[in-house]
Amino acid sequence: MALYSEKVMDHFRNPRNVGVLEDANGVGTVGNAKCGDIMKMYLKIEDDIVKDVKFETFGCGSAIASSSMATELIKGKPVEEARQLTNKAVAEALDGLPDYKMHCSVLAQEAIEAALADYESRQES
Ligand code: FES
């Protein structure tokens, strides 16, 4: 069996939603101290819906594929659904990741959580 699924390779080679979202109202950056990979997530939320989402990932192929898939999974979805996205769901949507690459999908979950927290803190001010 190939180490990486076709979906991982597809999202690595043709990542969806890459870039900066100028009018984002929730931005989160997370990193993994061990591998040094960094992920930045931009959310544009309106009426409790994730209207748009983009990411920048400086990291391994699995991290790029995970962020790409994660953006696809939350785009157009209610905030509440985005909040519940788990790294396991991201990895499953990619048809799996090798065990030692699961932390790359954790980064995607954490980046979305950080961006949502930023969005919420902006609502309070
Ligand atoms: Fe660390 Fe992929 S190797 S995020």
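Numbers at a glance
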| quantity | calculated |
| --- | --- |
| Nearby lysines by direct alpha-carbon distance to residue 75 (threshold 19 angstrom, same-chain neighbours under 8 apart not counted) | 7, 40, 44, 51, 54, 88 |
| Where GluC sites (Glu not before Pro) fall in DSSP loop in the stretch 1-91, at most 10 other Cβ within 10 Å | 22 |
| Acute angle (nearest 10 degrees) that the helix 102-124 long axis makes with the longest principal axis of the chain, alpha-carbon atoms | 0 degrees |
| Carbon and sulfur %, accessible surface of the stretch 61-125 computed with the full protein complex present, 1.4 Å | 50 percent |
| Calculated [θ] (222 nm, deg cm²/dmol) that DSSP helices of n ≥ 4 give over the chain, each run adding -39,500 (n - 2.57) | -14000 deg cm²/dmol |
| Inter-label distance, nm, simple model (7 Å from Cα along the C-beta direction), residue 124/residue 29 | 2.2 nm |
| Largest to smallest accessible area among 35, 60, 104 [probe 1.4 Å] | 35, 60, 104 |
| Calculated P(r) of the chain - Cα pairs past 19 Å, % | 40 percent |
| Local electrostatic count at residue 45 - Lys and Arg +1, Asp and Glu -1, tallied over other residues with Cβ under 10 Å | -2 |
| Sequence of 116, 73, 3 when ordered by accessible area, the most exposed leading, probe 1.4 angstrom | 3, 73, 116 |
| Area of residue 107 that stays accessible when all protein chains are in place (1.4 Å probe, Å², to 10) | 10 Å² |
| Computed over the chain: relative contact order in percent, which uses C-alpha pairs under 8 Å that are six or more apart | 32 percent |
| Residue-normalised accessible area of the stretch 42-120, expressed per residue, 1.4 Å probe, Å² | 42 Å² |
| Where 29, 86 fall by accessible area, highest first, once all protein chains stay in place (1.4 Å) | 29, 86 |
| Hz values of 3J(HN,Hα) by residue in the stretch 51-57 - Karplus curve (6.51, -1.76, 1.60), Gly and Pro given as x | 6, 8, 8, 9, 9, 10, 10 |
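The values are calculated or read from the model by the stated rules, or taken from the named source; none is laboratory data. These numbers were taken from a predicted model, which means no experiment stands behind them. No Cβ is skipped: glycine too gets one built from the backbone with ideal geometry, and neighbour counts run over all protein chains shown. When the accessible area is computed, the model is the full protein with side chains, heavy atoms only, and any ligands, DNA or RNA have been set aside. Shrake-Rupley method; radii C 1.70, N 1.55, O 1.52, S 1.80 Å.
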